[in-house]
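Step one of this worksheet: look at the structure below.
The values are calculated or read from the model by the stated rules, or taken from the named source; none is laboratory data. All of these numbers come straight from a predicted model, not from anything done at the bench. We place every Cβ from the backbone using ideal geometry, glycine too, and count neighbours over all the protein chains shown. Just so you know, the surface numbers come from the protein's heavy atoms only, side chains and all, with ligands and any DNA or RNA stripped out. Shrake-Rupley method; radii C 1.70, N 1.55, O 1.52, S 1.80 Å.
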Amino acid sequence: MTTSLIARILAVSLLLTTAASAQEKPRQGGILNWFDYGDPGRLDVHAESPLVVQQATAGVYSGLLHYDPEEPAKVIGDLAERWTVSPDGKTYTFHLRKGVKWHDGQPFSSADVKATFDRILNPDFKSPKCGASLKPIVASVEAVDPNTVTFQLKFPAAPFVPSLASAWCRIAAKHVLAKYGDLNAPEAQIGTGPFKFKKYERGSVIEWERNPSYFIPGLPYLDGVKQFILVGGPTQLAAAKASKVMLWDAWPPMRKTQADELRRARDDVEIYQAPINTIFLIYLNARKPPFNNPDLRRAVNLAIDRQELVAKSLEGAGVPCAILDPKLVGDFALPLEEVAKTPGCRQPKDQDLAEAKRLVEKHHPGGLDIEVGLRSVGNYADRAQLVVSQLRKVGIRGTLKTHESAAGFAAWGKGDFTMIATQDRSMDVNDPSGIFHIVYTTEAGSNYGRLSDAKVDELAERALREGNRDRRKQLYWELQRHILGRADTASIPVGWVEGWFFLDKRLRNYKHGVTTYDNNTFMKVWLAQ
Amino acid sequence: MLAALGRFVVRQPLGAAGALVVLALVAVAVLAPRLAPHGPKETGFAPYVAPSAEFPMGTDQVGRDVLSRVIWGARLSLYVGLASVVLGITLGSLWGVATAYFGGAADAGSQRVVDSLMALPPIILALSLMAALGQSVTNVILALTILLTPTAARTVRSVALGVAAAPYVEAARATGGSNWRIIRRHVIPNCMASYIVLMTTNVSYAIVVEASLSFLGAGAPPDEPSWGGMLTAGVQALETAPWMVFFPGLAISLAVFGLNLLGDSIRDLTDPRLRGGLG
């Protein structure tokens with residue numbers, strides 16, 4: 001955790017924690033109205049990667065570890081009471097809470113933890129979040145006794161604990177997995193979390209209700225959480241302005257114009273600006289023509305004006321070009337001055353545009369026609385129009401094809417696209433390794449372009465294994481220089497996303513998570529009268 | 001010619017006003033490349049610039065000139081409206097004429113197909129078709145064609161049933177005229193009035209459906225200068241940039257108003273009970 005991010009989180013937390021709330025006694029009861037940007041469709045938190053899947057199930061499950069709801073930058077035990085690490089840093093032993101029960105009344109034990117991680121770590125099981133983070137690190141998981149579990153690592157790895165604490169590494173019941181085969185069905189949402197899964201009406205609403213047998217006595221304070229499925233910026237903003245939702249803490253963030261509009265409409269909300277550990281990417285399918293040709297990937301890399309995209313589509317709230325954001329990971333990020341001089345990022349664009357045009361003409365003298373995909377969420381349509389407009393300058397004529405959110409993810413996952421105009425990817429952990437293991441390595445869960453670069457794989461693994469901070473930093477700098485310097489990546493980093501969020505002033509003890517996925521269980525949140 | 005035009009203006013002043021609006025619309029559509037100060041997809045300007053001398057209708061959320069997009073939008077709307085109406089009404093009319101003339105099981109069967117298509121709410125049918133066909137201007141035309149065909153088939157069939165039973169058609173049969181010749185020489189010409197009225201009254205309908213589909217994100221791709229698509233973008237910044245909604249909304253209203261006035265007038269002129277004649 002970097003100092004800069006901690007400072008930011010503390011600042012946001014300070015803003016959100018009023019003096020009054022510190023002295024008030026938590027109140028039981030009330031329903032928190034929240035929203036999802038789309039319909040999750042599938043609910044398997046181990047097998048899916050959209051934020052809406054995480055949101056739909058967040059309060060239902062517990063992890064072995066999690067980020068402290070009151071100090072979101074700190075990892076604490078959840079189902080694990082405590083843990084120890086062997087002197088060589090390769091064996092982690094977790095001592096589990098006793099007397100925990102699943103929502104269906106069955107007892108929780110180490111067998112459930114083993115079943116969960118055997119599933120996630122299975123090489124044949126595609127787990128784009130938890131699996132993508134842990135597979136490179138964890139060798140095996142063993143249940144020593146009903147209340148003890150050990151994780152054997154392949155090598156000592158700093159990102160192990162933060163990865164394990166990620167909201168994607170939830171513990172599922174062995175008997176539920178055996179009964180349903182996966183965690184997609186609403187009936188299979190049986191966790192040990194503060195809330196029980198109550199209802200899922202496709203395209204409409206998801207509801208949780210208070211778990212009276214939650215393993216922390218007295219929690220949660222809320223009677224339930226209601227998540228409205230609100231697709232599209234105007235609908236979300238209209239709901240916020242009409243006081244139908246009490247919290248806007250997740251993706252997509254509001255843009256400044258939306259925040260200003262909300263500020264004019266409501267005086268009972270706190271509006272704040274924050275980063276959400278999310279990167280805006282453009283993907284090219286490196287396994288299919290025309291972008292199996294590195295020259296054409298390079299042409300797109302050079303043609304894209306990241307600064308214009310950030311200025312217009314994020315209204316300036318973002319960090320253009322960077323693979324790692326210094327605001328989030330400190331000096332692991334290549335200095336922005338150096339990033340600004342790399343091909344595709346450097347301004348003015350004349351030299352890069354001329355080279356891009358030459359590359360397109362070399363292979364397609366009459367220009368190139370491509371289909372450009374996007375999901376119909378957030379302001380992706382605006383971003384995609386800018387991307388297509390920029391490509392037209394170098395002879396690439398894109399036709400936009402819009403997909404419904406879940407259908408789009410399915411298409412990206414199958415490699416069923418030529419180019420994705422815009423796709424945000426949020427980090428699971430606040431560690432420099434995240435972006436590489438989510439987007440850039442061959443096995444990365446969101447390497448939709450399917451570009452395999454042996455040097456990226458090698459450097460990412462070396463950085464993961466490296467215990468010395470300075471050497472680790474040098475490895476990440478080398479990685480960033482390699483990807484940015486080649487300028488033929490299939491995952492073009494446009495910029496790190498920032499934005500505006502709000503919470504109802506009646507909401508107490510809510511803290512913005514380190515990533516957009518964390519701290520959404522609402523276990524300690526309460527509503528003032 | 002001028003005298004007939006003068007009589008039309010006097011007897012159908014609203015129709016004349018509608019014709020004027022439609023003529024202006026056609027002129028804007030045809031001359032779009034000359035009239036538009038910038039490309040409809042050119043994003044090189046600052047976003048959300050209020051109407052000014054440089055940008056009379058302001059700029060949109062990605063920095064495009066709204067005036068240029070409204071002008072190019074006339075071309076898209078007219079193209080989609082005319083193409084889908086010509087295709088849909090022509091196919092439907094031919095369908096109606098053929099089933100009315102031949103009658104029997106084919107007529108009964110085909111009318112049940114028409115019933116089924118007309119039972120579906122038009123916008124739901126159009127949305128389903130767009131979901132199945134995918135987003136493109138061509139597919140919008142195809143979906144509108146499918147939407148318009150049954151209405152035309154049902155309307156023209158009702159006229160053609162009367163024509164097919166007329167004594168002059170029986171006489172043509174008695175003299176050995178082939179079915180094709182009778183349809184071509186006698187039935188179709190006598191259904192032309194209905195065909196023309198259907199054509200004129202449905203262009204505005206097609207424009208509104210296209211705009212609705214684009215507004216719902218199921219019509220033309222988002223970067224195409226569709227008036228409906230521009231409304232969708234405008235709604236996202238209703239308070240910040242109301243001009244993004246105002247000008248395309250005004251364009252839709254004017255176009256539909258003009259086409260409706262003209263269509264009503266043509267209907268009046270072709271209806272023997274209403275027309276006073278121009279001659």
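Near A:K74, the amide H atoms lying under 5 Å from its own belong to A:D68; only residues 5 or more places off or on other chains count, and H is placed 1.01 Å from N.
Accessible surface ranking for A:H403, A:H363, 1.4 angstrom probe, highest first: A:H363, A:H403. Remark: the range B:129-135, residue by residue, has Karplus-estimated 3J(HN,Hα) of 5, 5, 5, 6, 8, x, 7 Hz, where x stands for each Gly or Pro and the curve is 6.51 cos²θ - 1.76 cosθ + 1.60 at θ = phi - 60°.
Altogether, the Stokes-Einstein calculation at 37 °C and 0.692 mPa s, with the Kirkwood radius of the range A:381-529 over Cα pairs as Rh, returns a diffusion coefficient of 179 µm²/s.
Shape class of the range A:15-108 from the alpha-carbon gyration tensor: oblate, with a/c at 1.5 or above and b/c at least as large as a/b. The alpha-carbon of A:K341 sits under 15 angstrom from the alpha-carbons of these aspartates and glutamates, leaving out residues fewer than 8 places away in its chain: A:D305, A:D350, A:D352. With everything on Cα atoms, drop me the angle between helix A:454-465 and the longest principal axis of chain A, reported from 0 to 90° to the nearest 10. On a 0 to 90 degree scale, this one is about 30. Rounded is the label for the range A:157-234. Its Cα gyration tensor axes, ordered a ≥ b ≥ c, give a/c under 1.5.
Only protein heavy atoms count here; on that basis, with a 1.4 Å probe, A:K473 has an accessible area of about 40 Å². Would you be so kind as to identify which of A:L484, B:I196, A:L237 lies farthest towards the positive end of the dipole of the protein assembly as shown, taking Lys and Arg as +1 and Asp and Glu as -1 on Cβ and the Cα centre as origin? The one lying farthest along the dipole's positive direction is B:I196. Note on chain B: Kirkwood hydrodynamic radius from all Cα pairs is 20.6 Å, rounded to one decimal. In chain B, Cα pairs under 8 Å separated by at least six residues give a relative contact order of 26 percent. Could you compute the net charge surrounding A:A157? Neighbours are other residues with a C-beta less than 15 Å from the C-beta of A:A157; K and R count +1, D and E count -1. Its environment carries a net charge of +3.
The shape of the range A:179-289 can be summarised by an equivalent ellipsoid whose semi-axes, obtained from the alpha carbon gyration tensor, come to 29, 25, 14 Å from longest to shortest.
Within the range B:40-143, the ratio Rg/Rh, alpha carbon atoms throughout and Rh by Kirkwood, equals 1.22. The alpha carbon convex hull volume per residue for the range A:452-491 rounds to 57 Å³. Normalised by the number of residues in chain A, the average gap of Cα pairs under 8 Å and 6 or more apart makes the relative contact order 23 percent. Name the residues of the range A:284-328 whose accessible area, probed at 1.4 Å, falls by at least 30 Å² once all protein chains are in place instead of their chain on its own? Correct list: A:K312.
Between the alpha-carbon centres of the range B:173-208 and the range B:55-84 there is a gap of 34 Å.
Comparing Cα centroids, the range A:310-329 and the range A:228-243 end up 25 angstrom apart.
Scattering from the range A:278-346 was approximated by placing one identical point on each alpha carbon and applying the Debye formula without solvent; log10 I(q)/I(0) at 0.15, 0.23, 0.27 1/Å stands at -0.56, -1.07, -1.20.
Toward the positive end of the charge dipole of the range B:1-113, with +1 on the Cβ of Lys and Arg and -1 on the Cβ of Asp and Glu, the farthest Cα among B:A3, B:T99, B:L35 is that of B:A3. Based on Cα contacts under 8 Å between residues 6+ apart, the range A:180-293 shows a relative contact order of 13 percent. Size of the protein assembly as shown: Rg and Dmax of its alpha carbons, in Å, are 31.2, 109. Take the Cα radius of gyration of the range B:107-161 and divide it by 2.2 N^0.38 Å, N being the number of residues; the result is 1.23.
Excluding ligands, DNA and RNA, what is the accessible area buried between chains A and B, summed over both sides, using a 1.4 Å probe, to the nearest 100 Å²? Could you put the intermediate results ahead of the total?
Working: alone 19380 and 13520 Å², together 31150 Å².
The buried area between A and B, both sides summed, comes to about 1700 Å².
For A:K393, a cut-off of 16 angstrom between C-alpha atoms picks up these lysines, skipping any fewer than 8 places away in its own chain: A:K349, A:K357, A:K362, B:K41. Using alpha carbons only, how many angstrom separate the centre of the range A:82-141 from the centre of the range A:248-279? If we compute the Cα centre of each part, the gap is 36 Å. List the aspartates and glutamates whose Cα lies under 18 Å from the Cα of A:K179, skipping any in the same chain that are fewer than 8 positions away. Candidates past the 8-residue exclusion: A:D44, A:D104, A:D112, A:D118, A:E187. Heavy-atom accessible surface of chain B, averaged per residue, reaches 45 Å², computed with a 1.4 Å probe. Using the Cα gyration tensor of the range A:324-426, with a ≥ b ≥ c the square roots of its eigenvalues, what is the shape: rounded (a/c below 1.5), prolate (a/b larger than b/c) or oblate (neither)? In terms of gyration-tensor shape, oblate. Note on B:A3/A:E270: beta-carbon distance plugged into 1/(1 + (r/R0)^6) with R0 of 60 Å gives a FRET efficiency of 0.25. Which entries in the list A:K174/A:K196; A:K241/A:K327; A:K126/A:K511 go over 23 Å, if you measure between the two C-alpha atoms of each? Listed pairs above 23 Å: A:K241/A:K327; A:K126/A:K511. Applying 1/(1 + (r/R0)^6) with r as the Cβ-Cβ distance of B:S178 and A:A238 and R0 = 60 angstrom yields a FRET efficiency of 0.45. About the centre of its Cα atoms, chain A shows a dipole size close to 240 debye [charges on the beta carbon of Lys, Arg (+1) and Asp, Glu (-1) only; nearest 20 debye].
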